[in-house]
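Here's the structure, in structure tokens; my notes come after.
The values are calculated or read from the model by the stated rules, or taken from the named source; none is laboratory data. Note that the coordinates shown come from a computational prediction; the quantities given were computed from them, not determined experimentally. Note that we place each Cβ from the backbone using ideal geometry, even for glycine, and neighbour counts take in every protein chain shown.
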Amino acid sequence: MAVTEIEVVSEKTPERLHIEMPRRAFLLKLGFLLNGIAATMVSVPLLGYLLSAFRTDGGFTSWISLGSLATFPENQTRMAKFRNPYTRPWDGQTADIPCWVRRMEGGNFQIFAINCTHLGCPVRWFQESHLFMCPCHGGAFYEDGSHASGPPPRGLYEYKYKIEDGQLWVHGGQLPTLNQPA
Amino acid sequence: MIERLRKIAIWIDDRVYISKIFAATAGHHVPRTSGSWFYVFGSGTLLCFMIQIVTGICLALVYVPSAGQAYTSLEYLNYQQQFGWFLRAMHNWGSNFMVAIMLAHLAQVFLFGAFKYPREMTWISGVVLLLCTLGMAFTGQVLRFDQDAYWGLGIGAAMAGRVPLMGPAIVHMMLGGPIIAGETLSRFFTLHVFVIPGSILAIVSLHLRLVLTKGINEYPVPGKLVKKETYAEEYEAEIKKSGVPFFPKAISKDLIFSGLVLLGIVFCAAYFGPAGPHGIPDPTQINTAPKPDFFFLWLYGVLSLMPDYMETVVMLTAPFIVIGILFAVPFISNTGEKSPRRRPVAVLSVLLILIVLGAFNYLGTYAPWSPKMEAWTSAATPTNYLEGRSPLERQGALVFHSKQCINCHSVGGEGGLRGPVLDSVATRLTADQLVRQVIQGSGNMPAYGKNLSPSEVAALVAFMGTLHKPTEAPARDSTRPRQASTDNKQPNATAQMASTKR
């Protein structure tokens, strides 16, 4: 192909050749430019779509009721669950989030995330020894959530709570991690 | 008739160059020495990949990548869909075989110096394929959307969440939202079914193309050094002198190995059946002990045994260092000796890595660092630890169970291995030291001071004071005068000693 092209060009007069080359160069540049503009127009929505998940300030958390205060006896730690405020219809059970509710004397509560602060496994409460134990790598926490032993770098994550209309409310909606505790 | 068919065949070949493509690929000449049993792992890996594509497409016909329904569709595949269980098992065993054979391929090309000049890019594309395959293994484990998958994602998120500053954003990116839910599964499905397999197809093409252009590595001969100036000529000469067409002269061992691999996968699939799913992915079902598949068990072990002060740094940098070293291998040692007989450091490195990974994987299978969460209600106290004991000591045995001590400490082979085995604890600690250890804890043991009454502590320590072999005397406090038999009384021990005296 290239050979025939050169032959065709060489048939032309030097003046014609002189005009033709800048025209081809111009067309090439125009082609790049057009595709560049098109690529930008395609990539803006594409990247916006993909990178939207980077946002962590999308108002994912809110107050959720855990039910009447009466379901949490004093000096006991019980599991409670709530439907995550940010869900999709196809989330199934995965949007049911468990947490540990510790009621101390009176209206003082502590609400712990289920996730161990080491690597996120579900900690279990042991009423008899007043410990939370993690089944994965052996982390243990005292009843107030503070670190008792094992590899976790800190105590259990604690959700904010409030009491309103005789109900206990938890401020949740986000998987807690080390740099973004509940 | 035959003449007409022949004409059609020639016409097709003339238009699409089948015979030329064949001659340039399967028919290309390779060194006679590379038709060796050591050279079968690459084609074996490729075969596994093809099985994964075929079985994967079939599974995708039924599987529903929705957090709410994936589990049900897996159960449907197992129990309703005809041969669904078998295809799931094939896909699972295909992946196990693929990882294993790929690692064998990696070790072989490393030991045979195949990464050296001029095959650096073959090695590098191979490393990318290794990473893609491990990516397939992890994302595939997630698609088996059960409890292990759910908490495995949680572990991944917890690791990513440790990245300074960017951590929360990366976790959101990984999960596709604030929690592990529908969008998380969708994006792992996309990675597992579109993105990574597409990349693998592209990179395998490059990898094979490089095998054709730069030639397959000749069987290394000790003392025959790779020199940049002469290697290409020498290789050409060897091909000219003793080269054989890959098909049909060098392919037979690959064929036999591939056949065996296929049979192995079919056999394992039929015999062991599909893996899981284990337990619905419901985060409120917390009575679970998540565990990764075997190719990540070593990682599970490493994460458990690493001192916690270095954990974050190691988690976030080690993968990049390891991958960096893998990429750098052909540039660290680019020329010179290829034969493993003259490269002791290479051989020892492979052995060391194998032993380390093997040891961690072995530890991962029984996870001595994890408490046995059910031991306190399910484990039995050995009768010989109760026989002839005083009521207080027996009460202590009860405390030992009911306060979950046994979840981390084993006696008589029952219980957790998180803490020291206590069968002979009385020979190591005196009663006073036991009291202190129980009440204050230390290092890896929680302090039980607030959760045990004084009488429970007394009973527990009395029980532990009996835990020693009859032939070994219990530890005693050297600052106190020795008392013959009153404190730390050992019914078994005294009985035994009495009988031996007689």
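Which ones in region B:66-84 are of a type in the set (A, V, I, L, M, F, W, C) and within 25 Å of A:THR94 (Cα to Cα)?
Matches in region B:66-84: B:ALA67, B:ALA70, B:LEU74, B:LEU77.
Collect the residues in region B:122-160 that are free of Cβ contacts under 8 Å to residues at least 60 places away in the same chain and away from chain A (no Cβ under 14 Å), keeping them in residue-number order.
B:THR139, B:GLY140
Just wondering, is there one or more residues in region A:57-76 that are touching a helix residue (DSSP H, G or I) at 6+ places or on another chain (Cβ under 8 Å), of a type in the set (Val, Ile, Thr) and within 16 Å of A:GLY172 (Cβ to Cβ)?
Looking for residues that are touching a helix residue (DSSP H, G or I) at 6+ places or on another chain (Cβ under 8 Å), of a type in the set (Val, Ile, Thr) and within 16 Å of A:GLY172 (Cβ to Cβ), one finds none in region A:57-76, hence no.
Does B:GLY276 satisfy the condition of being part of a helix (DSSP H, G or I), modelled with pLDDT under 90 and either under 30 Å from B:ARG418 (Cβ atoms) or in contact with a Lys or Arg (Cβ under 7 Å, 6 or more places away or on another chain) (or both)?
no
Does region B:118-154 hold any residues that are of a type in the set (Gly, Ala, Ser) and surrounded by 23 or more Cβ atoms within 10 Å (Cβ to Cβ), and which are they?
Within region B:118-154, B:GLY126, B:ALA149, B:GLY152, B:GLY154 meet the criteria.
For B:MET166, state whether it is surrounded by fewer than 21 Cβ atoms within 10 Å (Cβ to Cβ) and either at the interface with chain A (Cβ under 8 Å from one of its Cβ atoms) or closer than 18 Å to A:PRO181 by Cβ (or both).
When the stated conditions are applied, B:MET166 passes them.
With respect to B:ALA346, is the statement that it is among the hydrophobic types (A, V, I, L, M, F, W, C), more than 18 Å from the chain's Cα centre (by Cα) and part of a helix (DSSP H, G or I) true?
Considered against the rule, which asks whether it is among the hydrophobic types (A, V, I, L, M, F, W, C), more than 18 Å from the chain's Cα centre (by Cα) and part of a helix (DSSP H, G or I), B:ALA346 comes out as yes.
Quick one: which of B:GLU374, B:GLU393 is surrounded by fewer than 16 Cβ atoms within 10 Å (Cβ to Cβ) and closer than 30 Å to B:PRO454 by Cβ?
So the residue among B:GLU374, B:GLU393 that is surrounded by fewer than 16 Cβ atoms within 10 Å (Cβ to Cβ) and closer than 30 Å to B:PRO454 by Cβ is B:GLU374.
Looking at (1) buried (at least 19 other Cβ atoms within 10 Å of the Cβ); (2) over 24 Å from B:PRO446 (Cβ atoms); (3) of a type outside the set (A, V, I, L, M); (4) at pLDDT below 85, which is the one condition that is false for B:PRO330?
Here B:PRO330 clears every test but (4).
Can you tell me which residue in region A:146-167 is nearest to the other protein chains (Cβ to nearest Cβ), limited to those that are out of contact with any helix residue (DSSP H, G or I) (no Cβ under 6 Å at 6 or more places or on another chain) and farther than 21 Å from A:CYS121 by Cβ?
A:LYS160
So, in region B:50-78, how many residues would count as being assigned to a helix (DSSP H, G or I) and touching a residue at least 12 places away in the same chain (Cβ under 8 Å)?
Going through region B:50-78 one residue at a time, the tally reaches 15.
Taking region A:105-123, which residues are crowded, with 23+ Cβ neighbours inside 10 Å and either within 9 Å of chain B (Cβ to nearest Cβ) or polar (S, T, N, Q) (or both)?
A:ILE114, A:ASN115, A:CYS116, A:THR117, A:HIS118, A:LEU119, A:GLY120, A:CYS121, A:PRO122, A:VAL123
Does region B:446-478 hold any residues that are assigned to a helix (DSSP H, G or I), touching a residue at least 24 places away in the same chain (Cβ under 8 Å) and of a type outside the set (Asp, Glu), and which are they?
Matches in region B:446-478: B:ALA458, B:ALA459, B:LEU460, B:VAL461, B:ALA462, B:PHE463, B:MET464.
Restricting the search to region B:228-265, which residues are among the hydroxyl-bearing types (Ser, Thr, Tyr), more than 14 Å from B:ALA26 (Cα to Cα) and in a helix (DSSP H, G or I)?
B:TYR231, B:TYR235, B:SER242, B:SER258
Of all residues in region A:92-101 being surrounded by 21 or more Cβ atoms within 10 Å (Cβ to Cβ) and touching a strand residue (DSSP E or B) at 6+ places or on another chain (Cβ under 9 Å), which is farthest from the other protein chains (Cβ to nearest Cβ)?
Once the filter is applied, the top-ranked residue is A:VAL101.
Got a number for residues in region B:35-53 being crowded, with 20+ Cβ neighbours inside 10 Å and among the hydroxyl-bearing types (Ser, Thr, Tyr)?
Qualifying residue count for the region: 2.
Looking for something closer than 27 Å to A:CYS136 by Cα, in a loop (DSSP other than H, G, I, E, B) and at pLDDT 80 or above - is there at least one such residue anywhere in region B:438-445?
Yes.
Can you tell me which residue in region B:436-469 is surrounded by the fewest Cβ atoms within 10 Å (Cβ to Cβ), limited to those that are of a type in the set (Gly, Ala, Ser) and more than 13 Å from chain A (Cβ to nearest Cβ)?
B:SER455
Looking for something free of Cβ contacts under 8 Å to residues at least 60 places away in the same chain and either over 21 Å from B:PRO290 (Cβ atoms) or not acidic (Asp, Glu) (or both) - is there at least one such residue anywhere in region B:110-121?
Looking for residues that are free of Cβ contacts under 8 Å to residues at least 60 places away in the same chain and either over 21 Å from B:PRO290 (Cβ atoms) or not acidic (Asp, Glu) (or both), one finds none in region B:110-121, hence no.
Within the set of pairs 6 or more residues apart or between chains, which connect a residue that is within 17 Å of A:GLY139 (Cα to Cα) inside region A:155-167 to a residue that is part of a loop (DSSP other than H, G, I, E, B) and β-branched (Val, Ile, Thr) with Cβ atoms less than 8 Å apart?
Here the result reads A:GLY155/A:THR117; A:LEU156/A:THR117; A:LEU156/A:VAL123; A:TYR157/A:THR117, each pair linking region A:155-167 to a residue that is part of a loop (DSSP other than H, G, I, E, B) and β-branched (Val, Ile, Thr).
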